[in-house]
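The values are calculated or read from the model by the stated rules, or taken from the named source; none is laboratory data. What you see is a predicted model; the values in this text were computed from it and never measured. Every residue, glycine as well, gets a Cβ built from its backbone with ideal geometry; the counts of neighbours run over all protein chains shown.
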Amino acid sequence: MAIENLGHEHEFEPQFGLPERLPSDEFIVWQGAPDVAALAYSAFHFKKLALYFAVLIAACAWPALEEGAGFTAVLLAIKWIVPLAIIAMATVWMLAYFTVRTTVYTITNKRVVMRLGIVLTVSFNLPLMQLASADVRVLQNGYGDITLALKGADRIGWVHLWPSVRPWRIAKPEPTLRAVPDVQMVAAKLRDAWTHNTGLAANAVEVTGASQNERLEGSFLQVSAT
């Protein structure tokens with residue numbers, strides 16, 4: 001079974017999160033979506049954006065504060081940057097929110113299906129037999145990312161996947177289940193389904209510290225903690 005890109009408007013889904021009803025010999029192992037806050041912090045770098053605007057606001061206010069100007073003068077010094085910061089941060093948060101509202105990740109006993117897209121909804125069908133490896137990045141509070149490396153020459157456009165894609169892997173994008181809750185449990189279900197499909201043993205290796213970005217060759221499941 002080849003990897004498929006199945007365009008589909010989710011309002012008319014015959015089965016939630018899926019472009020078609022599952023055949024009788026296939027069933028859902030896990031289904032879920034990213035968490036808004038976890039996605040905003042990890043994929044959209046919301047905290048870094050907030051820090052950036054905090055520094056800009058401080059830089060704009062500092063000359064007035066240094067001169068001992070009153071409260072009104074300080075407000076005038078930051079009157080443009082504060083609304084800009086609010087608009088920018090609200091926009092990023094809303095983008096994360098609408099991404100979550102339109103994203104569904106499904107793991108069945110035979111494949112991973114990713115329903116993505118705020119404006120144009122598409123579904124990517126990733127057969128478990130086509131997965132070469134999976135990397136798990138554990139975030140805070142049990143959330144995390146599960147990155148899937150594809151076998152052979154199969155390739156999905158980075159733009160089509162974003163933000164459900166591994167950062168900085170442009171040449172051969174790696175689909176990623178971003179900011180999923182209880183990521184260790186989801187990874188275990190994926191590992192079991194992959195093992196049952198392929199008949200091969202999947203190795204789970206905990207990776208921490210300086211080596212956390214290294215891929216272990218030959219291992220289907222690699223876990224890193226940030």
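Values as computed for the structure displayed
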read-out: Test: residue in the stretch 88-108 that is buried (at least 18 other Cβ atoms within 10 Å of the Cβ), out of contact with any Phe, Trp or Tyr (no Cβ under 8 Å at 6 or more places or on another chain), part of a helix (DSSP H, G or I) and of a type in the set (Ser, Thr, Tyr); value: yes
read-out: Failed criterion for Ala69 (all others in (1) surrounded by 16 or more Cβ atoms within 10 Å (Cβ to Cβ); (2) in contact with a Pro (Cβ under 9 Å, 6 or more places away or on another chain) hold); value: (1)
read-out: So Val159, is it part of a helix (DSSP H, G or I), modelled with pLDDT under 90, β-branched (Val, Ile, Thr) and surrounded by fewer than 21 Cβ atoms within 10 Å (Cβ to Cβ); value: yes
read-out: Val119 vs. criteria at pLDDT 90 or above and of a type outside the set (Asp, Glu); value: no
read-out: So Asp182, is it under 25 Å from Phe46 (Cα atoms) and surrounded by 20 or more Cβ atoms within 10 Å (Cβ to Cβ); value: no
read-out: Residues satisfying the stated conditions in the stretch 144-184, i.e. over 19 Å from Gly17 (Cα atoms) and aromatic (Phe, Trp, Tyr); value: Trp158, Trp168
read-out: Thr147 within 19 Å of the chain's Cα centre (by Cα), modelled with pLDDT under 85 and closer than 26 Å to Ala96 by Cα; value: no
read-out: Subset of the stretch 15-44 (residues that are among the hydroxyl-bearing types (Ser, Thr, Tyr) and over 25 Å from Gly142 (Cβ atoms)); value: Ser24
read-out: Enumeration of residues in the stretch 109-122 that are part of a strand (DSSP E or B) and not β-branched (Val, Ile, Thr); value: Arg111, Met114, Arg115, Leu116
read-out: Residues of the stretch 33-76 that turn out to be of a type in the set (Phe, Trp, Tyr), in a helix (DSSP H, G or I) and under 34 Å from the mean Cα position of the chain (by Cα), as a count; value: 4
read-out: Count - residues of the stretch 109-126 that are farther than 15 Å from Leu161 by Cα and surrounded by 18 or more Cβ atoms within 10 Å (Cβ to Cβ); value: 2
read-out: Filtered residue count, the stretch 135-145, keeping only those that are of a type in the set (A, V, I, L, M) and either closer than 17 Å to Tyr41 by Cβ or not assigned by TED's automatic domain parsing to the domain that holds Val113 (or both); value: 2
read-out: Hits in the stretch 135-156 - residues which are of a type in the set (Gly, Ala, Ser) and outside any loop (DSSP other than H, G, I, E, B); value: Gly142, Gly144, Ala149
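Quick grid of which residues meet (1) touching a Phe, Trp or Tyr at 6+ places or on another chain (Cβ under 6 Å); (2) modelled with pLDDT of 85 or more; (3) not polar (S, T, N, Q):
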position	(1), (2), (3)
Pro167	no, yes, yes
Lys172	no, yes, yes
His196	no, no, yes
Ser224	no, no, no
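Residues are listed down the side, and each one gets a yes or a no for (1) modelled with pLDDT of 80 or more; (2) assigned by TED's automatic domain parsing to the domain that holds Ile146; (3) among the charged types (D, E, K, R):
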residue	(1), (2), (3)
Glu13	no, yes, yes
Lys47	yes, no, yes
Val55	yes, no, no
Leu65	no, no, no
Lys79	yes, no, yes
Trp93	yes, no, no
